[in-house]
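Report on the following structure.
Every number in this text was worked out from the coordinates using simple rules, so none of it is lab data. Quantities reported herein were computed from a predicted structural model and do not represent experimental measurements. Quick reminder, even Gly has a Cβ in these numbers, built from the backbone with ideal geometry, and neighbours come from all protein chains shown.
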Amino acid sequence: MFPEGGVTVEQLRQSGSSSGTIALGNLASSPAGLALDSKCKVPCRTLNLPVGLIDTDLFIDALRRMAGVNVPESITLERGQLVDAISDWHQYLHGKRVGIVGDPDQLLAMTRFLASLDMRPVYLVTGSPAGKKFEQSLREAAAEVPGEVRIKVPGDMYLFHQWIKNEPIDLLIGNTYVKYIARDEDIPFVRFGFPILDRMGHSYFPSVGYRGALRLLEKILDALLDRKDRDSSDIEFELVL
């Protein structure tokens, strides 16, 4: 039930004659891109995962420059729709405190996305020993987030949970294992990353690019507004957004 396509063995063998390589995710993809550059002299550029507006802009611009083409109008339209949604929904997202757990590249990309929305990613944990350089990248991504931002690389879910108990947050983002903390602390939860074991269909929908960012925005807003509806009084229970 998967789409046809993908890279053939022959195409993979020809990657050494490519005009360029874009490595998405510093920890996951950069070593392969740099190896191709070193062995075959294929220019490599390492970018963050294209999650959200800013990092998708960087990805599209890198493709445009490397291929020597113009950005299609269809992509420009997708970007415009995302910018419009961010503008309209900003009032519901601004200042919300968020805790994120995930693999390093996904954690960094989501942190940059939320910070660009004026949300407050305040608890950031990965179980991977990603090193001091990655931790510094996280701190730079959250540099303009007001208040204290707690980061643990590598960290564990027990510490993450203890932070939340000491100072609650508005939203949790992470893989399926985060659902236990979400239930224990009664916090809205958005599934993102790997693995997602308790929901169907997520593999058919994007989380990267402009369309992926729009979908993540919808999921985040739904989680926050569902909680608002649940907790509101009869007088505050609004029909219209």
Checklist line | Estimated FRET transfer efficiency when R0 is 22 angstrom, pair THR176-ASP156 (beta carbons, to 0.05) | finding: 0.85
Next item on the list: Rounded to the nearest 10 degrees, what's the angle between the helix 26-40 long axis and the longest principal axis of the chain, both from Cα atoms, 0 to 90?
Entry: 10 degrees
Next item on the list: Could you check the simple spin-label distance between ARG211 and ALA143, using points 7 Å along Cα→Cβ, in nm with one decimal?
Entry: 3.4 nm
Note to self: Output the 0 to 90 degree angle, nearest 10, between the alpha-carbon long axis of helix 73-93 and the longest principal axis computed from the alpha carbons of the chain.
What the structure shows: 20 degrees
Next item on the list: Mind checking the full-extension length gain between SER19 and ARG65? Use 0.36 nm per residue of separation minus the Cα-Cα distance, one decimal, nm.
Entry: 15.5 nm
Note to self: Expected output is a single nm value to one decimal: the length gained when fully extending between TYR204 and ASP57, i.e. 0.36 nm times separation in residues minus the C-alpha distance. What is it?
What the structure shows: 50.6 nm
Notebook entry, point to check: Over the stretch 1-123, what per residue volume does the convex hull of the Cα atoms give, in whole Å³?
Noted result: 150 Å³
Notebook entry, point to check: Along the charge dipole of the stretch 108-241, Cβ charges K/R +1 and D/E -1, which of SER128, MET110, LEU171 sits furthest on the positive end?
Noted result: SER128
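Report the equivalent ellipsoid semi-axes for the stretch 57-108 in whole Å, largest first, defined as the square roots of five times the eigenvalues of the gyration tensor built from alpha carbon atoms. Please report the intermediate quantities before stating the final value.
Working: eigenvalues 155, 74, 9 Å².
In descending order the semi-axes read 28, 19, 7 Å.
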Checklist line | Overall Cα dimensions of the stretch 121-214, principal axis frame, Å, largest first | finding: 35, 31, 26
Next item on the list: Could you pull out every residue, at least 5 positions away or on a different chain, whose amide H is within less than 5 Å of the one on PHE189? Hs are placed 1.01 Å off N in the peptide plane, and Pro or chain starts have none.
Entry: LEU172
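With viscosity set to 0.692 mPa s at 37 °C, what whole-number translational diffusion coefficient in µm²/s follows for the chain from Stokes-Einstein and a Kirkwood radius over Cα pairs?
Diffusion coefficient, whole number: 168 µm²/s.
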